[in-house]
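Notes for the one structure printed next.
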Amino acid sequence: MSDVNVIDGIDYGPLAALVGTWKGDKGVDKAPEPDGEEKNLYYETIIYEAIGDVDNAETQNLAVLRYHQVVSRKSNDEVFHNETGYWMWDAATGTVMQSLSIPRGVALLAGGSVTEFDTSKEIVLEVKATAGETTFGIVQQPFMEKNAKTLSFCHTVSVEGDKMVYSESTMLDIYNKEYDHTDRNRLTRVVG
């Protein structure tokens, strides 16, 4: 256990690299429209807070970060995405997880593994979820299930020092077709 990963006596593993307030204004969102695609340039703030650890069934211990992401269009400064969730680290298995919900009636739990990491170098986290899975899956309210169903989700985050790059791919079944809704941005830690 490296001291750089320890916050208030808890080993956050690779998640320690996320803690802080991040801002970025290089975002590109590609979203579906009935007749094609909409491209939005955006800026955002993401806050990651170390909130402690939890024990499950008295044998699993997870280090937990809470996050809040607010995304605004550059064209009109309106918020078009507001997301809350948690990142969790299971050091015993090398599993990293992200749970999130968005106020459209969609929630998911995505997971992946991190076998080796060095916080003095780039850290890459990748998590995935698939609709219909019982472990790393997606749930959605009936309207979304019928009209804008999320089929899968993949989120990759790379952190090196105070620089972060992420990309998300959300496969949707919308407007009678499958569409890969993508988001990507570069952020800088402004408060650590």
**Asked** Pairs under 8 Å by beta carbon, first residue on the phi > 0 side of the Ramachandran plot in the range 169-182, partner surrounded by 14 or more Cβ atoms within 10 Å (Cβ to Cβ) and part of a strand (DSSP E or B), six or more apart or different chains?
**Response** TYR175/PRO32
**Request:** Considering each residue of the range 94-112, count those that are without any contact (Cβ under 8 Å) to a residue 40 or more places away in the chain and part of a strand (DSSP E or B), and give that number.
**Result:** 10
**Message:** List pairs: first residue in the range 4-27 and closer than 24 Å to SER113 by Cα and at pLDDT 90 or above, second residue part of a loop (DSSP other than H, G, I, E, B) and among the hydrophobic types (A, V, I, L, M, F, W, C) anywhere in the structure, Cβ distance under 8 angstrom, at least six positions apart or on different chains.
**Reply:** ASP11/MET1; ASP11/ALA91; TYR12/VAL19; GLY13/ALA91; GLY13/VAL114; GLY13/PHE117; PRO14/VAL114; PRO14/PHE117
**Within the range 156-174, considering residues that are more than 19 Å from ASP25 (Cβ to Cβ) and among the hydroxyl-bearing types (Ser, Thr, Tyr), the one nearest to the chain's Cα centre (by Cα)** = THR156
**Request:** Report whether or not ILE102 is modelled with pLDDT under 95 and either within 19 Å of ILE174 (Cβ to Cβ) or under 15 Å from the mean Cα position of the chain (by Cα) (or both).
**Result:** yes
**Item:** Flag for ALA148 being under 30 Å from ASN176 (Cα atoms) and of a type in the set (A, V, I, L, M)
**Value:** yes
**Message:** Take the conditions in contact (Cβ under 8 Å) with a residue 12 or more places away in the chain and among the charged types (D, E, K, R) and apply them to GLU38. Does it pass?
**Reply:** no
**Asked** Counting only residues that are under 24 Å from GLY94 (Cα atoms) and small (Gly, Ala, Ser), which one in the range 105-124 is surrounded by the fewest Cβ atoms within 10 Å (Cβ to Cβ)?
**Response** SER120
**Fill in**
Checking ASP90, ASP118 in turn, the sole residue that is in contact (Cβ under 8 Å) with a residue 24 or more places away in the chain, under 20 Å from LEU18 (Cα atoms) and among the acidic types (Asp, Glu) turns out to be ASP90
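The values are calculated or read from the model by the stated rules, or taken from the named source; none is laboratory data. Quick caveat, the model's predicted, so the values are computed rather than measured. Cβ atoms come from the backbone with ideal geometry, glycine included; neighbour counts cover every protein chain shown.
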